[in-house]
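Take a look at the structure set out below.
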Amino acid sequence: MDITEVPMDQHSTGKKKKNKKSKKKSVSQGGNGESSGVEKEEEGETTMMKGSEAEASFPPAFSVSEIKNKQRRHFMFMKFKQEKRKQKLQLKKKRKKEREALGDKAPPKEVPKTIENQRVYDETTVDPEDEEVAFDEATDEFSAYFNGLTNPKVLITTSDRPRGRTMRFCAQLATVIPNAHVYYRKGLALKRIIPQCVARNFTYLLVINEDRQSPNGIVLCHLPDGPTAHFKVSSVRLRKEIRRRGKDPTEHSPEVILNNFSTRLGHSIGRLFAALFPQDPQFVGRQVATFHNQRDFIFFRFHRYIFKNEKKVGIQELGPRFTLKLRSLQKGTFDSKFGEYEWVLKRHEMDACRRKFQL
Amino acid sequence: MGDRSRLCSVWLGSETGILKGVSLSRKQAFNFCNTSQLSREQEVRALCWGDPAESELLVGSVDGTVKTFSTEKGTFTESRRCGDPGDGCFSGLAALSGSLVTCTECGTLRVWREDRSEPVTELNAGKSVCRMRQSPVHRNKVATGGKENGLKIWDLERPETPVFTAKNLRDDWLDLRRPHWVRDMAFIPDSDKVVTCTSYHQVHVFDPSSPRRRPVLEAEFGEYPLTALSLPAAGSTVTVGNTQGQLGLLDLRGRGLVCGCLKGLAGGVRALQCHPSRPLVASCGLDRFLRVHSLDDRSLQHKVYLKSRLNCLLLASRELQEGGGAEKEGGAQEVKEEDEDEVWDAMEQVQEDKPKRKTTEEQQTQKRKKGGD
């Protein structure tokens, strides 16, 4: 049994002292077997010393998680974290000094890694010059809208017996989307509503699904025979709940901004959203609807903007705000049983990699 | 053009009317079409080999034309009008020693000869036919099935009545008639039996030689309509795909239990085919990808992005390379350069860095393997 004398200065903290005191007490109480007592104490100390030494010298290192006592373990961990933070700050200061010292010759600042930076390249990303994809898009179900042949007319409804926030959400959506009509869902089947809508020249059917008096899903069906998208809705903020908002939106058609829809699926969804609004926005109204895609979540915002001078713009948020996540895209009008799905979110397969996105 | 088409081991037809050929060993995909003449009217609905030597492909489009594509020359050699677009799209195409058998969705099955523009034989296979398939053994036998139209096996030499008409399943426990919608079928190689899959997520096996007209085996897979079916070379199993992109392997020997699932597809399966000799299955669908899975370990071997939605698929019986051993174009040279061949084979085992299109595919397979571990 090697007994190494190590100075006690390292463990100059209150709790540790308590430990030693308790140990010494137990040893003194042990009484007669002095040698054994001494050995015990020293053993205890040596194990502690060895532990702390082991941190510095050889593997396997003593880790904080092996301490069985919760208070002591927590304390050691806090200390460890403080040490780490101190070292990090010191490193930062050093780097800053070096950068200032070098002046112009300093190496460029490193770009921090973000999940968007590290995104795995998706092979379905649309190349603007690709003829085949351009042809596919030019002749898909939205071609009638994008060629200016039809004007959007949206029917907004909900799941059966909506309550509370969902009703208000529907009403606010109807002010945001021009030419939108809200109808009460009288428990009618969607497959029966769709032919009637087509007959009345509607181009979109928007069904807002409700769960416990607030919206949680949207089924967006493009009408003549277009794709049906099912989204999960989260984080809905009605007009009342938005701080520093402007006055209610006017009847002018808003401009539409679609951000970051880069893959083929993203393009399809982007076109789906674009076709909700009339093709020629009324700039007089200064309203803009934004669908911003980030990490497969689509954020919807509705703003009114004003140009203060050529470079500065002021915006006020109007309207409702919500986030969408695509759950499935089905070819054809709504037919969840027999329809063919163009894309289905399969969480276990698709969400496995944090840096891979589908839209 | 001809050399490119000779390389291709997988042929696909897409919704934009483009015939695509994919060479898996070289990881390249080729579009065989006129870019200026693309139209949705040319959407390819049916593909089949024109002859047993697999040198010609028959491509059936929505507007009723059947084009012949020669794999040797790499171009479309002829085109014939086989029906009106008003009849519906082709649901099946087969070649029969000099004549062409076409079947449309409205149920009309026609046999065309090369020289005449009118069909030689015409029969009505029901109100709706979703698929028509030809028996690989008896070339004049075809099977048809559709919505509320059970499996019927026809002998083209006696077109008046079907050889076998399947009976619907017994009424269920509430005495209600069971709905029936056959989507795809296949002839089991060594026997008379036929496997069908339905939109009510059922797989049935029928035996025409037995007096029983109801299915011999009933199995279910998943909760979504099964749209494609294929029989692997090994026999006794069947691969099915449904509209949500789930591919399952079912065992036909016992009670039709699911042996396993193949993962990766994100959209509905439109066509499935198993390779005639190797344990590989190729699938294509609405998510615009061609995927080749291995049936032994159910791993994804190849994944190819082809920019349009894919409707149908054909595998060449030639060796589908999996990255081990390159096929040399000059056959005579192979004998002389045997030593070099070994060197080449050894070299090919290493991951190829071909920058054309498919570099991410290896990463994908690696990732999947890692994920599996």
Beyond 14 Å, what percent of the Cα pairs of segment B:1-63 remain?
-> 57
Which residues of segment B:240-263 bury at least 20 Å² of accessible area once all protein chains are present, versus their chain alone (1.4 Å probe)?
-> B:Thr243, B:Gln244, B:Lys263
Using only C-alpha positions, report the orientation-averaged shadow area of the convex hull of segment B:269-322, nm², one decimal.
-> 3.5
Long-range amide H contacts for B:Thr237: which residues qualify at under 5 Å (H placed 1.01 Å from N, peptide plane, sequence gap of 5 or more or a different chain)?
-> B:Leu252
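What does the charge add up to near A:Leu329, with Lys and Arg as +1, Asp and Glu as -1, over the other residues with Cβ less than 14 Å from its Cβ? Let's see the in-between values first.
On the way: positive: A:Lys232, A:Arg264, A:Arg271, A:Lys325, A:Arg327, A:Lys331, A:Lys346, B:Arg288, B:Arg309; negative: A:Asp140, A:Glu141, A:Asp296, A:Asp335, A:Glu340, A:Glu342, B:Asp287.
Surrounding charge for A:Leu329 is +2.
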Please work out the average accessible area per residue across segment B:90-164, using the 1.4 Å probe convention, and give it in Å².
-> 45
Any idea how many Lys pairs in segment B:119-255 come in under 13 angstrom at the alpha carbon, given 8 or more places apart or on separate chains?
-> 6
Residues whose placed amide H lies under 5 Å from that of A:Asn259, excluding near-sequence neighbours | A:Phe291, A:His292, A:Asn293
Expected vector for segment B:191-198, Karplus 3J(HN,Hα) from phi with 6.51, -1.76, 1.60 and θ = phi - 60°, integer Hz, x for Gly and Pro, equals 9, 8, 6, 10, 9, 10, 10, 10
Any idea which of B:His138, B:Val120, B:Leu156 is furthest toward the positive side of the dipole for segment B:120-189, if Lys and Arg beta-carbons carry +1 and Asp and Glu beta-carbons -1?
-> B:His138
Expressed as a percent, the accessible surface of segment A:55-192 that is carbon or sulfur, using a 1.4 Å probe and the full set of protein chains, is 55
Round to a whole angstrom and tell me the spacing of the C-alpha centers of segment B:2-65 and segment B:67-113.
-> 14
For segment B:88-100, take each phi angle, set θ = phi - 60°, evaluate the Karplus expression 6.51 cos²θ - 1.76 cosθ + 1.60, and give the result in whole Hz per residue in order, putting x for glycine and proline.
-> x, 7, 5, 10, x, 9, 8, 10, 9, 5, x, 10, 10
When the scattering of segment B:6-163 is computed by the Debye formula from its Cα atoms alone, each counted once and equally, what is log10 I(q)/I(0) at q = 0.20 Å⁻¹?
-> -1.28
Using only protein heavy atoms and a 1.4 angstrom probe, determine the accessible area buried between B and A, summed over both sides, in Å² to the nearest 100.
-> 2900
In segment A:301-359, which trypsin sites (Lys or Arg not before Pro) fall in coil by DSSP and have 14 or fewer other Cβ atoms within 10 Å?
-> A:Lys308, A:Lys311, A:Lys312, A:Lys337, A:Arg354, A:Arg355
With 10 Å bins from zero, work out the P(r) of segment A:254-359 over every alpha carbon pair and list the percent per bin.
-> 13, 36, 31, 14, 5, 0
In segment A:329-359, what residues drop by 50 Å² or more in accessible surface going from the chain by itself to the full protein assembly, probe 1.4 Å?
-> A:Lys331, A:Phe338, A:Glu340, A:Tyr341, A:Glu342, A:Lys346, A:Glu349
For B:Gly146, the net charge from surrounding residues (Cβ-Cβ under 10 Å; K, R +1; D, E -1) works out to +3
Sequence order, segment B:238-248: Karplus ³J(HN,Hα) from phi using 6.51 cos²θ - 1.76 cosθ + 1.60, θ = phi - 60°, Hz rounded, Gly and Pro as x, gives 9, 9, 10, x, 10, 6, 9, x, 8, 10, x
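The values are calculated or read from the model by the stated rules, or taken from the named source; none is laboratory data. Bear in mind that the values here come from a model prediction, so they are computed numbers and not experimental data. As a convention, Cβ positions derive from the backbone with ideal geometry for all residues, glycine included, and neighbour counts pool all protein chains shown. Just the protein is used for accessible areas: all its heavy atoms, side chains included, with ligands, DNA and RNA removed. Shrake-Rupley method; radii C 1.70, N 1.55, O 1.52, S 1.80 Å.
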